[in-house]
Amino acid sequence: MAPVVNIVELRGICKTYISGDLQVPVLKGIDAKVGAGEFVGFIGTSGSGKSTLLNILGMLDVPTGGSYLLEGVDVSCLSDSEQATIRNRKIGFIFQSFNLFPHLSVEQNIAVPMLYARVPGRVRRARSLELAKRVGLGHRLGHRPTQLSGGECQRVAIARALSNQPAFILADEPTGNLDENTSNEIMALFHELNNNGVTIVMVTHNPALAPHYDKIIRLRDGRIDDRPFEWEGGKK
Amino acid sequence: MMLPVDLLVMSCHNLLLHKVRSLLTSLGVIFGVGSVIAMLAVSEGAKRSALAKIEAMGTDKIIIYSHRPPPEGKSEGSENASIVEQYGLTERNREHIIKMDNVKHVTSLFDVRKKVLRGITRTDLKLIGCDYGFLEDTAAKVERGRWFSPADFENKVSVCVIGKNVKPKLFELGRTDIVGSQIRIEDAAYTIIGVIDNEYATKFQEVGGQNDMILIPMPTARARYQDYTYSFEGRNRNILRIEYDVFIVRVGEVGYIDHTSKRISAYLQKTHGTLCDWGMVVPLELLKQMEDTQNIFTIVMGSIAGISLVVGGIGIMNIMLANVYERRKEIGTRRALGAQKSDILLQFLIETVFLTTSGGIAGIAVGVGIGRLITRYSGMPTVYSLWSIALSLVISCLVGVIFGTYPAYKAAQQNPITVLRAE
């Protein structure tokens with residue numbers, strides 16, 4: 001066995017939705033690997049099964065076939081409670097629309113995952129401060145999300161995703177709601193984190209982000225698209 | 001699972017975000033608990049004052065009294081007819097009763113039926129001959145001066161002890177030398193030796209309240225008036241012959257008071273025949289009846305208050321359900337960040353319980369306020385017992401648990417996928 005285990009390993013992941021007598025296969029056998037410290041992009045148009053894969057990667061949903069290994073452990077058939085624990089400890093979620101709690105301060109927002117991990121208050125505060133500094137918001141701890149710009153909000157969300165030192169960060173269109181400049185800043189922040197050893201999985205429909213990734217996995221109609229990337233856009 | 005402290009802080013924080021909504025939501029509980037508190041306070045106050053009055057008569061007593069039988073076959077037209085009318089309890093009754101089992105003591109009262117005048121105005125005061133034990137057998141206290149001495153009885157001295165209401169009715173305001181002064185009643189004069197006060201103004205049927213009596217020793221009364229009294233009714237002059245007006249029977253064993261009272265009434269029925277010239281009151285029985293009616297009252301009022309609490313609880317459930325729907329995104333995000341279903345369930349349940357419990361606390365204040373207003377404007381006594389406050393808190397907490405569980409369950413069952421996809 002190789003000493004280095006893949007953070008994420010998908011083996012023949014299938015997902016079929018059943019509505020009445022009709023079976024709708026959405027994922028038809030996905031094999032993918034994300035190594036430690038990698039910056040991987042899953043790119044797919046809408047209808048490609050991207051969202052379903054995101055849910056499975058984020059442990060919000062279970063596959064109907066295949067297996068999902070997280071840090072070498074099969075997590076494809078866990079109970080709801082075990083899934084929640086894994087989401088809490090192993091996965092750092094970043095959403096397109098930030099999903100911050102509007103009534104909580106920056107510091108409190110960052111600390112939410114630590115609340116569910118039963119981290120004591122003193123440690124939470126220290127760690128929130130450290131993370132806020134890391135994403136460049138050390139001076140905004142007491143602010144409410146409504147007092148922040150979109151880019152700053154996403155920085156808070158990134159800090160929140162990092163708070164329990166997860167195995168990897170799962171970002172869903174993190175720049176979808178941001179303008180180009182802010183987008184670039186956020187992507188730069190992701191690169192900075194990645195350079196410091198954070199594993200990042202990003203799911204997007206936007207081929208323009210392709211040059212940022214170490215590895216690109218394209219989805220098409222529920223399968224991995226093996227054709228070379230240049231074929232599709234080739235703008236950059 | 002979150003740390004309990006964090007869970008509490010988070011839930012309270014959420015409620016404080018919507019202060020007005022939280023207040024409006026808990027109004028149902030506030031008024032529900034308020035009415036429970038006020039109802040219990042009024043009911044408890046009424047109960048206590050009634051019980052105190054009955055208890056003042058003494059639960060080991062049987063009170064037997066004479067009362068004038070309804071006139072039968074007497075023609076109202078016979079003018080100037082002078083009739084000797086005899087009724088009521090007699091010396092023979094007294095002697096018989098005193099020998100009965102379980103009867104420890106009999107104190108008697110005799111209303112001499114003399115007009116007590118202040119100047120030329122007639123007062124409602126009564127001149128009563130009483131036994132030595134009368135003070136001890138009633139809950140009266142000597143306010144000033146002294147009670148009769150055995151010597152007063154032996155020597156048939158012309159002294160009297162007055163109830164505290166007698167003083168303002170017979171004397172000018174501000175007189176302090178009441179004890180030692182004399183009262184003239186018709187052709188007799190009595191020296192006042194003491195003033196007594198019965199806190200509960202215990203009434204002895206036709207003889208009236210103890211505070212309105214001018215008491216003289218029974219031997220003095222007998223020596224001076226025998227047992228004949230005159231009364232004038234219209235133009236008829238009646239001579240009444242009444243030996244005793246009231247017997248206060250003290251029993252030895254309270255447990256058998258029921259039995260003793262039945263024996264006494266059986267005896268009186270036998271001797272007095274069909275003449276309805278006596279009556280009997282057993283304070284202990286009154287007490288039991290009183291408690292029964294009070295319990296019914298409490299149950300009825302409690303159900304009304306309970307209904308208002310249920311209505312309040314349903315209101316809360318309704319708003320919490322809307323709240324869950326409104327906060328789907330928050331719930332979904334929390335679940336994605338690692339909240340267990342139980343975390344979400346507890347968060348919403350604690351929010352509801354916190355809402356109803358703080359509503360309950362506010363309701364206690366409202367209830368006490370309502371009770372105060374009732375006391376101020378209607379004079380009804382109100383008593384706030386600790387258990388009624390504790391009960392209200394427990395009930396309001398329970399309302400939260402009962403009506404918060406379903407919304408909290410709904411919140412925990414929210415599927416994070418649908419929520420996050422809805423964006």
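The values are calculated or read from the model by the stated rules, or taken from the named source; none is laboratory data. Everything numeric in this text was worked out from a predicted model, so none of it was measured. All Cβ positions, glycine included, derive from the backbone under ideal geometry; neighbour counts span all protein chains shown. Keep in mind that these areas ignore ligands, DNA and RNA; they rest on the heavy atoms of the full protein, side chains included. Shrake-Rupley method; radii C 1.70, N 1.55, O 1.52, S 1.80 Å.
Overview of values
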| quantity | calculated |
| --- | --- |
| Residue tally, condition more than 14 Å from chain B (Cβ to nearest Cβ) and either in a loop (DSSP other than H, G, I, E, B) or under 18 Å from A:ALA117 (Cβ atoms) (or both), over region A:53-69 | 1 |
| Index of the failed condition, A:VAL203 passing every other in (1) modelled with pLDDT of 90 or more; (2) touching a Phe, Trp or Tyr at 6+ places or on another chain (Cβ under 7 Å); (3) surrounded by fewer than 19 Cβ atoms within 10 Å (Cβ to Cβ) | (3) |
| Conditions (1) more than 10 Å from chain A (Cβ to nearest Cβ); (2) touching a helix residue (DSSP H, G or I) at 6+ places or on another chain (Cβ under 7 Å); number of the one not met by B:GLY306 | (2) |
| Condition check for A:PHE101: at pLDDT 90 or above, closer than 19 Å to A:GLY138 by Cα and either facing chain B (nearest Cβ under 9 Å) or open to solvent by 10 Å² or more (accessible area, probe 1.4 Å) (or both) | yes |
| All positions within region A:133-144 that are surrounded by fewer than 20 Cβ atoms within 10 Å (Cβ to Cβ) and either assigned to a helix (DSSP H, G or I) or at negative phi (or both) | A:LYS133, A:ARG134, A:GLY138, A:HIS139, A:ARG140, A:LEU141, A:GLY142, A:HIS143, A:ARG144 |
| Residue under evaluation B:GLY369, criteria (1) closer than 27 Å to B:LEU7 by Cα; (2) out of contact with any Leu (no Cβ under 6 Å at 6 or more places or on another chain), criterion not met | (1) |
| Residue satisfying all of: in region A:81-97; in contact with a Pro (Cβ under 8 Å, 6 or more places away or on another chain), open to solvent by 30 Å² or more (accessible area, probe 1.4 Å) and not polar (S, T, N, Q); farthest from the other protein chains (Cβ to nearest Cβ) among these | A:LYS90 |
| Filter pass, B:GLU326 being within 14 Å of chain A (Cβ to nearest Cβ), surrounded by fewer than 18 Cβ atoms within 10 Å (Cβ to Cβ) and modelled with pLDDT under 90 | yes |
| Extreme residue, farthest from B:HIS18 (Cα to Cα), among residues of region A:112-132 that are open to solvent by less than 10 Å² (accessible area, probe 1.4 Å) and more than 9 Å from chain B (Cβ to nearest Cβ) | A:LEU131 |
| Criterion (assigned by TED's automatic domain parsing to the domain that holds B:ASP137, open to solvent by less than 10 Å² (accessible area, probe 1.4 Å) and part of a loop (DSSP other than H, G, I, E, B)) met by exactly one of B:ILE196, B:ILE178, B:ILE214 | B:ILE178 |
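Every residue, every condition in (1) more than 13 Å from chain A (Cβ to nearest Cβ); (2) buried (at least 22 other Cβ atoms within 10 Å of the Cβ), yes or no:
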position	(1), (2)
B:PRO4	no, no
B:LEU17	no, no
B:THR25	yes, yes
B:GLY28	yes, yes
B:ALA41	yes, yes
B:ARG48	yes, no
B:LYS53	yes, no
